[in-house]
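Peer 1: Pasting a structure below so you can have a look.
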Amino acid sequence: MPAAYEQYLVPVLFRPFAEDLAARTAALRPGRILELAAGTGALTSLLLSADPSAEVTATDLNEAMVAFGASRAPGAVWRQADAQRLPFPDGSFDLLVCQFGVMFFPDRVAAFAEARRVLAPGGRFLFNTWGPIGRHAFDAAVQAGLERAFPVDPPRFLPTVPHGYADPAVVAADLVAAGFGVEEEQELTLDGRAASAADVAIGFLTGTPVRAAVEERGDGPTVRATVIAETTARLGAGPVVAPMTAYVFLGAA
């Protein structure tokens, strides 16, 4: 899964927003950075290049992602860690950064409170979260393909998890409940660029939890063909450029 995720999805969906977060991080000039839910290191490698003097620690709950990310961005210190129980002393970092990971935290207020604990006084928490699925052309097209393949019981991972934390008022309220001040909140729409709609569909079908949901329902080859056909019909054949909307937050400890 990490290899498929890196090959098909990272360049299209995550790199544009990673470049944005890396630029915001460099402007803050933190000395000690902790990245949560670092995945395969799409943001990590950019953090290292944006500010070579910063000390970067990258974490992820998934050990396979940690192993893959460590090979991709060896300049960081990599550790397997649960965002709700971070293995670091109080006040260890100047900045916590997280790209599209907060949606996966089972208890977001608890995770945010843990983030605040490991921040030094005056530290900041920089992260983003996807907007509604209807404002993400790639994810909406793939979900339409899944609903076509499974008209009775389609996998709901995309609308309920990646796009399940899409109300910025709720996100801001959770930050405040965890003791943060909301220093900045911004809606940001960037374009994703894919070699083909089929590549994006394959990325979701092989490199995300959608894979397990499809395998549970059976008939993988037919499902794959259906999802690719619907995604291509919605996004077009050949190279694809499509908009994706997210929200960026900066919390102050």
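The values are calculated or read from the model by the stated rules, or taken from the named source; none is laboratory data. In this text the structure is predicted, and so the values were computed from the model without any measurement. A quick note on method: Cβ atoms are made from the backbone with ideal geometry, for glycine too, and the neighbour counts reach across all protein chains shown. Quick note on the areas: whole protein, heavy atoms, side chains included, nothing else; ligands and nucleic acids left out. Shrake-Rupley method; radii C 1.70, N 1.55, O 1.52, S 1.80 Å.
Peer 1: Pick from segment 194-221 the residues that are part of a loop (DSSP other than H, G, I, E, B) and open to solvent by 20 Å² or more (accessible area, probe 1.4 Å): which of them is modelled with the lowest pLDDT?
Peer 2: Asp219
Peer 1: While we're on this one: Suppose the filter is over 16 Å from the mean Cα position of the chain (by Cα) and under 28 Å from Gly123 (Cβ atoms); does Gly181 pass it?
Peer 2: Judged against the criteria, Gly181 is a match.
Peer 1: Regarding segment 205-226, can at least one residue be identified that is among the hydroxyl-bearing types (Ser, Thr, Tyr), under 18 Å from the mean Cα position of the chain (by Cα) and farther than 20 Å from Phe17 by Cα?
Peer 2: yes
Peer 1: Just to be sure before I move on: is Ala178 surrounded by 17 or more Cβ atoms within 10 Å (Cβ to Cβ), over 23 Å from Pro132 (Cβ atoms) and at pLDDT 95 or above in the structure I sent?
Peer 2: Yes: the conditions hold for Ala178.
Peer 1: Same structure, new question: Can you tell me which of Ser49, Ser53 is assigned to a loop (DSSP other than H, G, I, E, B), farther than 26 Å from Glu187 by Cβ and either open to solvent by 40 Å² or more (accessible area, probe 1.4 Å) or of a type outside the set (A, V, I, L, M, F, W, C) (or both)?
Peer 2: Ser53
Peer 1: Restricting to segment 230-250, count the residues that are surrounded by fewer than 16 Cβ atoms within 10 Å (Cβ to Cβ) and of a type outside the set (Val, Ile, Thr).
Peer 2: Matching residues across segment 230-250 total 6.
Peer 1: Turning to a different aspect of this structure: Taking Asp191 and the conditions (1) of a type outside the set (S, T, N, Q); (2) touching a strand residue (DSSP E or B) at 6+ places or on another chain (Cβ under 6 Å); (3) surrounded by fewer than 19 Cβ atoms within 10 Å (Cβ to Cβ); (4) in a helix (DSSP H, G or I), which numbered condition does it fall short on, given that it satisfies the others?
Peer 2: Every condition holds for Asp191 apart from (4).
Peer 1: Considering only residues that are more than 15 Å from the chain's Cα centre (by Cα), closer than 15 Å to Ala37 by Cβ and open to solvent by 70 Å² or more (accessible area, probe 1.4 Å), which ones fall in segment 73-105?
Peer 2: Passing the criteria: Arg79, Gln80, Arg85.
Peer 1: Need the failing condition index for Val182 against (1) touching a strand residue (DSSP E or B) at 6+ places or on another chain (Cβ under 7 Å); (2) without any contact (Cβ under 8 Å) to a residue 24 or more places away in the chain, just the number.
Peer 2: (2)
Peer 1: Could you please find all residues in segment 23-40 being at pLDDT 95 or above and either of a type in the set (Phe, Trp, Tyr) or surrounded by 21 or more Cβ atoms within 10 Å (Cβ to Cβ) (or both)?
Peer 2: Of everything in segment 23-40, those that are at pLDDT 95 or above and either of a type in the set (Phe, Trp, Tyr) or surrounded by 21 or more Cβ atoms within 10 Å (Cβ to Cβ) (or both) turn out to be Thr25, Pro30, Ile33, Leu34, Glu35, Leu36, Ala37, Ala38.
Peer 1: Do the conditions hold for Ala144, that is, is it within 26 Å of Thr189 (Cβ to Cβ) and of a type in the set (Gly, Ala, Ser)?
Peer 2: Against the criterion (within 26 Å of Thr189 (Cβ to Cβ) and of a type in the set (Gly, Ala, Ser)), Ala144 qualifies.
Peer 1: Now for a different question. Quickly run through segment 127-163 and pick out the residues that are within 19 Å of Pro243 (Cα to Cα), in contact (Cβ under 8 Å) with a residue 40 or more places away in the chain and open to solvent by 40 Å² or more (accessible area, probe 1.4 Å).
Peer 2: Pro132, Arg135
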